[in-house]
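Following: one structure in structure tokens, then a few remarks.
The values are calculated or read from the model by the stated rules, or taken from the named source; none is laboratory data. None of the values given here were measured: they were computed from a predicted structure. FYI the Cβ positions are ideal-geometry reconstructions off the backbone, even for glycines, and counts take in every protein chain you see. Just so you know, the surface numbers come from the protein's heavy atoms only, side chains and all, with ligands and any DNA or RNA stripped out. Shrake-Rupley method; radii C 1.70, N 1.55, O 1.52, S 1.80 Å.
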Amino acid sequence: MSKKIHDFNDIIPKLRKKLFGKGPERIHTVFVQNMAISTLYGNLTPAEQFIARTTEGKETVHMARTKLIQNLYASSPPEGLEDLLGAKLEYLFSDIKVEEDIAVSVFVFETNIQ
């Protein structure tokens with residue numbers, strides 16, 4: 001794993017831990033042209049796991065784990081992220097499969113990041 005990916009993988013969980021109280025237990029990221037694609041495993045807190053036991057709860061957790069993080073990144077990218085990659089973050093696409101506790105985030109930058 002390159003140092004850049006390693007450093008990227010340090011930034012993302014810290015932000016999510018600060019925001020949700022728990023970051024992913026494991027993260028795998030690949031850089032492709034102007035995108036960083038991250039798969040995040042083990043994201044949910046025990047409270048979120050409890051809430052997600054119902055259909056309505058799953059929807060609530062899903063909404064919090066997708067919309068909240070997208071809104072946060074849109075207003076203010078994580079500190080050090082753009083400096084690390086030398087490119088401005090343009091978009092974040094994020095989704096989570098609550099039942100399996102696996103999330104995917106696609107970070108789209110204005111220029112190639114490799």
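Test of understanding: what is the full-extension gain from residue 28 to residue 111, defined as 0.36 nm times their sequence separation minus their Cα-Cα distance?
Going from the current span to full extension adds 27.8 nm.
Please compute the per residue accessible area over the chain with all protein chains in place, 1.4 Å probe, rounded to a whole number of Å².
On the way: 6700 Å² over 114 residues.
Spelled out: the 1.4 Å probe surface of the chain, per residue, equals 59 Å².
Which of the listed residues, 19, 113, 31, is farthest toward the dipole's positive end in the chain, when Lys, Arg count +1 and Asp, Glu count -1 at the beta-carbon?
19
Once R0 is set to 25 Å, what does the formula 1/(1 + (r/R0)^6) return for the Cβ-Cβ distance between residue 83 and residue 18, expressed as a FRET efficiency to the nearest 0.05?
Efficiency at R0 = 25 Å is approximately 0.85.
Output the 0 to 90 degree angle, nearest 10, between the alpha-carbon long axis of helix 3-20 and the longest principal axis computed from the alpha carbons of the chain.
30
Less than 28 Å apart at the alpha-carbon level, and either on another chain or at least 8 residues along: which lysines does that give for residue 3?
Here the lysines satisfying the reach criterion relative to residue 3 are 14, 17, 18, 22, 88.
Just to be sure I understand the model, the point goes 7 Å from the Cα along the line to the Cβ. What's the resulting residue 53 to residue 6 distance in nm?
Placing both labels 7 Å beyond Cα along the Cβ direction yields 4.2 nm.
With +1 assigned to the C-beta of every Lys and Arg and -1 to the C-beta of every Asp and Glu, and no other charges, what is the dipole magnitude of the chain about the Cα centre in debye, to the nearest 20?
Once rounded to the nearest 20, the dipole reads 220 debye.
Looking at 60, 98, 49, which one has the Cα that reaches farthest to the positive end of the dipole of the chain (charges on Cβ: Lys, Arg +1; Asp, Glu -1)?
Selected residue: 49.
For every helix of n ≥ 4 consecutive DSSP H residues, a contribution of -39,500 (n - 2.57) applies; sum these over the chain, divide by its total residues, and give [θ] at 222 nm rounded to the nearest 500 deg cm²/dmol.
Calculated at 222 nm, the ellipticity per residue is -11000 deg cm²/dmol.
What part of the accessible area of the chain, given as a whole %, is carbon or sulfur when the probe is 1.4 angstrom?
Carbon and sulfur: 54 percent of the exposed surface of the chain.
Take the alpha carbon atoms of the chain, find their radius of gyration, then divide it by 2.2 N^0.38 Å using N residues; give the quotient.
Working: Rg = 14.0 Å, N = 114, 2.2 N^0.38 = 13.3 Å.
Output field value: 1.05.
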